[in-house]
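What follows is a set of notes on a single structure, which appears directly below.
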Amino acid sequence: MASSLALAGCGGPGETEAPTSGDSQAAQVQQLDTASPDQGAANERRLIVYQTTSLSLYAVDTQGSLRLLAKRSGAPVTSPDGRSVAYSKLPDSYQPGEPVTHADLHVYNLQSGHTQQVTRGYDDTEPVWTPDGRNLLFQSTRRSGRPALWKVRSNGTGLDQVTNQETLESAGDIIPNPATGGTVQWSPDNQRRLIVYSTTTLTNGEVRVIDFGQMFDVENTYSLGEGHSPHWTENGTVVFARNEGDKVIYIEVGVD
């Protein structure tokens, strides 16, 4: 799990900037107007949630005060409206690179500073916001005994298994989970409810698309072939890399 930085707002002079390591990956969030109308834009400050290389997760509030959200966590992901950050809280004793056997999902509200525990007691990791910002998709193995995607509302209600409900571990129709720390991306129109991901990060795996229905139940799932590092284009096609011997080729696939 790589170190990550989540930003929100437009900082003015004297803002507090979170220190980051050289390998941090940053994701820009929509602006939050923290100042009242009569304060003016100059008094707006940047709200920051950042993760260190040791996987500690911190928040910096509008006054520049530092707050520890989790001694160990997965990478933070921001909601579509930029107002909340979801993360997987790991045990304090967890060391980077160890298998995750226990993790709980939390949501941190950037405006109120309140943290909501969403799940508990299992190995819930890799949260992804749905485009409407109401649900989180996440991965768990311990909940059903097999790797699967689950969904839950950001307030902790509506927990439901999304993939592999009726399949056996050896069944050919099992839907593999996205690679840990890999690419997971909704289609650009956000209406087709397609998510693209790879089962590996840097070597050839399976690049997959899931077609979700209105309630984010799986309607269809299919493979685009072997590769890694997939992403949607503005035209609604998917581009991904494939290692062939000592060469890396790039493939663009149309998705109907």
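Here are a few things to note about the model shown:
- Taken over region 128-256, the alpha-carbon convex hull comes to 112 cubic angstrom per residue.
- Placed amide H near residue 221: partners under 5 Å, 5+ positions off or other chain: 211
- Karplus-based coupling profile of region 147-155, in residue order and whole Hz: x, 7, 8, 10, 10, 7, 6, 5, 9, with θ = phi - 60° in 6.51 cos²θ - 1.76 cosθ + 1.60 and x standing for Gly or Pro.
- Computed over Cα pairs, the Kirkwood radius of region 64-119 leads via Stokes-Einstein (1.567 mPa s, 4 °C) to a diffusion coefficient of 107 µm² per second.
- Carbon + sulfur, % of accessible area of region 174-251 - ligands and nucleic acids excluded, 1.4 Å: 46
- The residue list 121, 144, 111 was ranked by how far each Cα lies along the charge dipole of region 99-197 toward its positive end, using unit charges on Cβ atoms, and 111 comes out on top.
- Across all Cα pairs in region 215-256, the calculated P(r) in 5 Å bins from zero up to the longest distance comes to 6, 20, 25, 20, 16, 8, 3, 2, 0 percent per bin.
- In sequence order, region 79-89 has phi-based couplings of 6, x, 8, x, 9, 9, 10, 9, 7, 9, 8 Hz under the Karplus curve 6.51 cos²θ - 1.76 cosθ + 1.60, θ = phi - 60°, and Gly or Pro positions carry x.
- Using Cβ point charges alone (K and R +1, D and E -1), the dipole size of region 79-224 about the Cα centre works out to roughly 300 debye.
- Largest-first ordering by accessible area, 1.4 Å probe, given options 196, 77: 77, 196
- Average Cα contact separation per residue, region 200-242, under 8 Å, 6 or more apart, as relative contact order %: 37
- Cα gyration tensor shape of region 134-208, rounded if a/c is under 1.5, else prolate or oblate by comparing a/b with b/c: oblate
- Spin-label model distance (nm) - residue 244 vs residue 201, 7 Å beyond Cα toward Cβ: 2.6
The values are calculated or read from the model by the stated rules, or taken from the named source; none is laboratory data. Source: prediction; values computed, not measured. Backbone-built Cβ (ideal geometry, glycine too); neighbour counts: all protein chains shown. What goes into the accessible areas is simple: the full protein's heavy atoms, side chains included, and nothing from ligands, DNA or RNA. Shrake-Rupley method; radii C 1.70, N 1.55, O 1.52, S 1.80 Å.
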